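Here the structure comes first, spelled out in structure tokens, and everything after it is commentary.
The values are calculated or read from the model by the stated rules, or taken from the named source; none is laboratory data. Bear in mind the structure is a predicted one, so any value in this text is a computation, not a measurement. Don't worry about glycine lacking a Cβ; one is built from the backbone with ideal geometry, like all the others, and counts go over all protein chains shown.
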Amino acid sequence: MEDLHLLEDDELVSRTQAGDTQAFDVLWHKYSPRIYSLVYNMTSNHEDANDLLLEVFAKAFRAISGFKGKSSFYTWIHAIAVNMTINFVKKRGRRFQMSLDDFDSNIHNDKEFIELTASNTPIREVDLSELQQRLNEAMMKLSVEHRAVVTMFDIQGMPHAEIAKVLGVPEATVRSRLFYAHRQLQNYLEEFRKQ
């Protein structure tokens, strides 16, 4: 019996297009954790993220017959997720907070963070929960488009070129949005530091 998990994405897509739902299940298992993380970090709501995750994959399954392979499946599914989440956030008109779970799990491997916290510097005195709250507040001030770029780049580690493909914009636009978003976050956190 063939192990579908060993197949490349393009083969899984071809098989799904031919009616093999098990091939799509493999794509679901491969990409759903990453898509969930993306959606959750844009909405900061587990219920909404779960609902959107199901909607994203349902839409992808319905539309996969038209997938021509001009981009990778990875890029295509991310584009669907980002567009659906942006539309959802705009439609609801809510203000969302960003989760820092990914930052928290990765920060202990950050060389600069380790060096800063290893010595007796003032940063050790900072109330990290208050800093996290301030960062959440700063993220909420960004547009959902800027949050999407920050989430994909800073949390998911996607390169500019891949983000550009997902969003269907030039790389220069991605860099511009990141620059603006990072500057806004930095300005807001500078104000906090001065308090």
Would you check if residue 145 is among the acidic types (Asp, Glu), crowded, with 16+ Cβ neighbours inside 10 Å and modelled with pLDDT of 75 or more?
yes
Wholly within the stretch 1-99, helices (runs of 4 or more DSSP H) carrying at least 1 residues that are under 15 Å from the mean Cα position of the chain (by Cα) and buried (at least 16 other Cβ atoms within 10 Å of the Cβ)
21-43, 46-63, 73-92
